[in-house]
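Visitor: Take this structure, written in structure tokens, and hold onto it; I'll ask about it next.
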Amino acid sequence: MSLSRALRLGVVLFLLFPFLFLLTQFRITGIPDLGELLWAFKNSFVQAFFSAVFSLMLGFWVSLGLLSLSTGPYKKARFVFEILCLLPNFLPPIFILLATLNLVDPFPMGVAGIVLIHTLMNFGLVAVLLAGIIENKMGGMIELAYVEGAGRWQFLTRGLFPFLKKDLWLLGLFIFVVCFGSFAVPLVVGGGKGTTVEVLIYEKIRLSSNWGDAVLLAFLQSTFIFAFSFIASRGKGAVIAREANLDLIKTYSGVFVIAGLSFLYLFGYLQGFVEGLALITNFYELQSALFWNFLGSVILGLTVGILCYAGLMLIAYCWPKAWFEKFLNGYVAPSTSLACFSLLLLGPNEGLYPFIKIPVALTLLSLNSLFRMGWDGELHSLQSQITVAYAMGASRTQIFKEILFPQLSARAGLLAGIASVWACGDFAVSRILAHRDLSIAMMTETLMSGYRLNQAIVLSSLIVVAGFFCFLVCVGGSRVLRRKFAP
């Protein structure tokens, strides 16, 4: 077996490890309680459905605001507002949870609370994607309708919505799939009335050690998500030919929406931070724990960054192969609970082992998301260079060293940096695999669960410091490697 085949097989086995391990270790001995299963499935479906609907509605409104900044001196402002839109989706969920819980009092625990948090996290991503879709696919049509004197509402109902019906459907499915498989948000704000399938898997294993039911639930959930993911991944974009006049659908109110919500996020966080500073004396007795847990956050973040960088480069080395690409595009990450508990059963769980298992679990759960965040596009953009190199007799190792690595290292470092920030802010995976607080995020979640929100917000500022440090190390390290090893 050649090296590339062995590496491809290794990547596939690593991604499928939780399924293979648990299926070999546990047998499905019976059907779970149908009432409990249907209740959890209903909660998952309802919260994912309304999260997708509200994210689309709010995201569409904001997208029209972004389009109002697409020309003239406002282009730089649009870039800033797009960053504000994307931050809630790319930052660890703990920050949106803290800001929202501090602002909304009393907070609606249960399905309503899950929908609220998911909408706040995803509408910005929807807005940026929709703004791009409208510009790319409908710029000329919007300009023509404007010249012909069509009204805004008339064009939206008879032109834009019918034309973009498929794109809106696929984007809604994408948000639905993301929210259906969410674990951290339902774990914190779901309460007893909002138990989802993901949380039920966690409870089956952690509380009742019912592995058979957990495996079956994870299989059903993964099959359901895979079916929707397969449909949602079939959308294709278009290339914009020129800038068009979009005055017909522009609305500055969308800009005020994202500006207002960003202000509320910041206000909620800073208000809690200032009030938490008054209680800073409570942290004096935790000085030792703060130091070691901050160090633990940095170690976890850097380890995940290194593993994700190596994983992305490994995928690049194995590229191209038709079946391998189809596998990565169709692959659905396993249930967070199932992936973590499969590692929990593998070897000891004391001492330094959590610092090995947590990064492995986070890499397993993050790698496919990073692949879909532009890594596949980067590989496709180099396809012609790879083909020419093969035609000239270059080996796979030579192609990787002289073509792929120099051009991909910086992008891999950026994606690895994002993964390291996620790792610094993780508390759900760490809570399963560690029996005590090992990071600042875990300490923050402990305070948040005890309704000490202001202290939790103060403590979460250290997550920002650790995440920023890890991000800089990953990005800077990738550039150093490119200069050192590139020909």
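Visitor: Looking only at residues in region 148-177 that are touching a residue at least 60 places away in the same chain (Cβ under 8 Å), under 15 Å from Asp247 (Cβ atoms) and assigned to a helix (DSSP H, G or I), which one is most open to solvent (accessible area, probe 1.4 Å)?
Guide: This residue is Arg152.
Visitor: Does Leu312 satisfy the criteria of being surrounded by 14 or more Cβ atoms within 10 Å (Cβ to Cβ) and at pLDDT below 75? Before you say what the answer is, go through the steps one by one.
Guide: On the way: surrounded by 14 or more Cβ atoms within 10 Å (Cβ to Cβ): yes; at pLDDT below 75: no.
No, not satisfied.
Visitor: Does region 251-265 hold any residues that are open to solvent by 30 Å² or more (accessible area, probe 1.4 Å) and in contact with a helix residue (DSSP H, G or I) (Cβ under 7 Å, 6 or more places away or on another chain), and which are they?
Guide: Answer for region 251-265, where residues must be open to solvent by 30 Å² or more (accessible area, probe 1.4 Å) and in contact with a helix residue (DSSP H, G or I) (Cβ under 7 Å, 6 or more places away or on another chain): Tyr252, Ser253, Leu264, Tyr265.
Visitor: Here is a follow-up. Name the one entry in Leu302, Leu345, Leu352 that is surrounded by fewer than 23 Cβ atoms within 10 Å (Cβ to Cβ) and touching a Cys at 6+ places or on another chain (Cβ under 6 Å). Outline the logic, then answer.
Guide: On the way: Leu345 fails: touching a Cys at 6+ places or on another chain (Cβ under 6 Å); Leu352 fails: touching a Cys at 6+ places or on another chain (Cβ under 6 Å).
Within the list Leu302, Leu345, Leu352, the selection yields Leu302.
Visitor: Next up: Is it fair to say Asp437 is within 25 Å of Glu198 (Cα to Cα), in contact (Cβ under 8 Å) with a residue 24 or more places away in the chain, touching a Leu at 6+ places or on another chain (Cβ under 9 Å) and outside any helix (DSSP H, G or I)? Give the derivation first.
Guide: Numbers: within 25 Å of Glu198 (Cα to Cα): yes; in contact (Cβ under 8 Å) with a residue 24 or more places away in the chain: yes; touching a Leu at 6+ places or on another chain (Cβ under 9 Å): no; outside any helix (DSSP H, G or I): yes.
So Asp437 fails the test.
Visitor: Oh, and also: Quick one: in region 103-123, of everything that is of a type outside the set (Ser, Thr, Tyr) and touching a Phe, Trp or Tyr at 6+ places or on another chain (Cβ under 7 Å), which residue is farthest from Leu66 (Cα to Cα)?
Guide: Step one: of region 103-123, the residues of a type outside the set (Ser, Thr, Tyr) are 103-118, 120-123.
With touching a Phe, Trp or Tyr at 6+ places or on another chain (Cβ under 7 Å) added as a condition, the list becomes 113, 115.
Values: Gly113: 27, Val115: 24 Å.
For region 103-123, the residue satisfying everything is Gly113.
Visitor: So which of Phe50, Phe90, Phe54 is aromatic (Phe, Trp, Tyr) and out of contact with any helix residue (DSSP H, G or I) (no Cβ under 6 Å at 6 or more places or on another chain)? Give the steps one after another, and end with the answer.
Guide: Details: Phe50 fails: out of contact with any helix residue (DSSP H, G or I) (no Cβ under 6 Å at 6 or more places or on another chain); Phe54 fails: out of contact with any helix residue (DSSP H, G or I) (no Cβ under 6 Å at 6 or more places or on another chain).
Matching residue, one of Phe50, Phe90, Phe54: Phe90.
Visitor: Does Glu198 satisfy the condition of being in a helix (DSSP H, G or I), of a type in the set (D, E, K, R) and more than 26 Å from Asn102 (Cα to Cα)? Walk me through how you get there before you give the answer.
Guide: Numbers: in a helix (DSSP H, G or I): yes; of a type in the set (D, E, K, R): yes; more than 26 Å from Asn102 (Cα to Cα): no.
Taking the combined requirement at face value, the residue does not satisfy it.
Visitor: If you don't mind, another one. For Ala412, work out the one condition from (1) open to solvent by less than 10 Å² (accessible area, probe 1.4 Å); (2) outside any helix (DSSP H, G or I) it doesn't fulfil.
Guide: (2) is the only condition that Ala412 fails.
Visitor: Here's another thing I want to ask about it. Could you tell me which of the residues Ile356, Ile386 is assigned to a helix (DSSP H, G or I), at pLDDT 90 or above, in contact with a helix residue (DSSP H, G or I) (Cβ under 9 Å, 6 or more places away or on another chain) and β-branched (Val, Ile, Thr)? I'd like the intermediate steps shown before the answer.
Guide: Values: Ile386 fails: at pLDDT 90 or above.
Matching residue, one of Ile356, Ile386: Ile356.
Visitor: Could you check how many residues of region 389-404 are buried (at least 16 other Cβ atoms within 10 Å of the Cβ) and part of a helix (DSSP H, G or I)? Before the answer, list the steps.
Guide: Filtering region 389-404 for residues buried (at least 16 other Cβ atoms within 10 Å of the Cβ) gives 389, 394, 396, 399-401, 403-404.
Applying the additional criterion that residues be part of a helix (DSSP H, G or I) yields 389, 396, 399-401, 403-404.
Counting residues in region 389-404 that are buried (at least 16 other Cβ atoms within 10 Å of the Cβ) and part of a helix (DSSP H, G or I) gives 7.
Visitor: Looking only at region 50-78, which residues are of a type in the set (Phe, Trp, Tyr) and under 30 Å from Gly113 (Cα atoms)? Show your work before the answer.
Guide: Restricting attention to region 50-78, the residues satisfying the condition of being of a type in the set (Phe, Trp, Tyr) are 50, 54, 60-61, 74.
Listed by number, the residues that qualify are Phe50, Phe54, Phe60, Trp61.
Visitor: Something else: Which residue, of Val464, Val429, Val458, Val475, is in contact with a helix residue (DSSP H, G or I) (Cβ under 9 Å, 6 or more places away or on another chain), closer than 28 Å to Asp105 by Cβ and in contact (Cβ under 8 Å) with a residue 24 or more places away in the chain? Break it down into steps so the answer makes sense when it comes.
Guide: Numbers: Val464 fails: in contact (Cβ under 8 Å) with a residue 24 or more places away in the chain; Val429 fails: closer than 28 Å to Asp105 by Cβ; Val475 fails: closer than 28 Å to Asp105 by Cβ.
Result: Val458 is the single residue among Val464, Val429, Val458, Val475 that is in contact with a helix residue (DSSP H, G or I) (Cβ under 9 Å, 6 or more places away or on another chain), closer than 28 Å to Asp105 by Cβ and in contact (Cβ under 8 Å) with a residue 24 or more places away in the chain.
Visitor: Scan the helices (runs of 4 or more DSSP H) fully inside region 1-108 and keep the ones with 1 or more residues being farther than 19 Å from Val189 by Cβ and open to solvent by 10 Å² or more (accessible area, probe 1.4 Å).
Guide: Numbers: elements: 3-25, 34-67, 75-90, 93-103.
Result: 3-25, 34-67, 75-90.
Visitor: Taking only region 294-328 into account, find how many residues are in contact with a Leu (Cβ under 9 Å, 6 or more places away or on another chain) and either of a type in the set (D, E, K, R) or free of Cβ contacts under 8 Å to residues at least 12 places away in the same chain (or both).
Guide: Final tally of qualifying residues: 1.
Per-residue answers, yes or no, for (1) at pLDDT 80 or above; (2) more than 21 Å from the chain's Cα centre (by Cα):
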| position | (1), (2) |
| --- | --- |
| Ile175 | yes, no |
| Ile205 | no, yes |
| Trp211 | no, yes |
| Ile231 | no, no |
| Ile240 | no, yes |
| Ile249 | no, yes |
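Visitor: Would you be able to say whether some residue in region 421-438 is open to solvent by 60 Å² or more (accessible area, probe 1.4 Å) and among the polar types (S, T, N, Q)?
Guide: no
Visitor: Right, something else. Has region 122-139 got at least one residue that is open to solvent by 20 Å² or more (accessible area, probe 1.4 Å), of a type outside the set (Phe, Trp, Tyr), in contact (Cβ under 8 Å) with a residue 12 or more places away in the chain and closer than 20 Å to Gln47 by Cβ?
Guide: yes
Visitor: If you don't mind, another one. Among the residues of region 364-378, is there at least one that is assigned to a helix (DSSP H, G or I) and over 17 Å from the mean Cα position of the chain (by Cα)?
Guide: Residues of region 364-378 assigned to a helix (DSSP H, G or I): 364-378.
Next, only the ones that are over 17 Å from the mean Cα position of the chain (by Cα) stay: 377-378.
Taking every residue of region 364-378 in turn, at least one turns out to be assigned to a helix (DSSP H, G or I) and over 17 Å from the mean Cα position of the chain (by Cα).
The values are calculated or read from the model by the stated rules, or taken from the named source; none is laboratory data. Just so it is clear, the structure is predicted and the values come from calculations on it, not from any experiment. Positions of Cβ are backbone-derived with ideal geometry, glycine not excepted, and every protein chain shown enters the neighbour counts. Only protein heavy atoms, including side chains, enter the accessible area calculation; ligands, DNA and RNA are left aside. Shrake-Rupley method; radii C 1.70, N 1.55, O 1.52, S 1.80 Å.
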